[in-house]
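*Asks:* Provided herewith is a single structure, encoded as structure tokens, for subsequent inquiry.
The values are calculated or read from the model by the stated rules, or taken from the named source; none is laboratory data. Only a predicted model underlies this, so the values are computations on that prediction, with no experimental measurement involved. Positions of Cβ are backbone-derived with ideal geometry, glycine not excepted, and every protein chain shown enters the neighbour counts.
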């Protein structure tokens, strides 16, 4: 009997050739590159969605405040806070209507700040002064704030926007500030909350056009 016969009849153990190994490595590298490229985009989409959700909740709180105050929106800043504070900001006035202070902060805002010289909370959003100005501070000779019933186009009128936290302000006026206080934290877009309750991310320039100005109650 041939001593080598049993060995020769055994099936050879399968293995990878060098070329096959290189192909596998190349495929893994391509998949890793795809995953690494997609992950930041997915993370940003999640953060933008969270910011939009924050804006919706804040606007919902503002509408509840209006329901309790003869349909009148809250002021961006209201007197009554102990000195040396110049007043309570909307962030404080809306606290009874908000579930958490965390909705005041955009996930992409690393340094949210409270309004300067005011009783306030750190925030990433500001109010449209056109709807929420306060005559106690000489901002206008008209009514303290706008009523929901006086705004003709709720779905196209901005109430809330992402503000530059470094300014430490509660809001902005289109007439005085234009878009200088808007902070686009989401790949060139900022989140805006509208009077009707919806919110979306837009390029700041999209809010103002020849036929429409979303900062004005009448749209112009």
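*Asks:* Please go through (1) without any contact (Cβ under 8 Å) to a residue 60 or more places away in the chain; (2) within 15 Å of residue 50 (Cα to Cα) for residue 199 and return the number of the only condition it doesn't satisfy.
*Replies:* Result: residue 199 fails condition (1) only.
*Asks:* Taking residue 120, is it within 22 Å of residue 201 (Cβ to Cβ) and either modelled with pLDDT of 95 or more or within 18 Å of the chain's Cα centre (by Cα) (or both)?
*Replies:* Answer is no for this residue.
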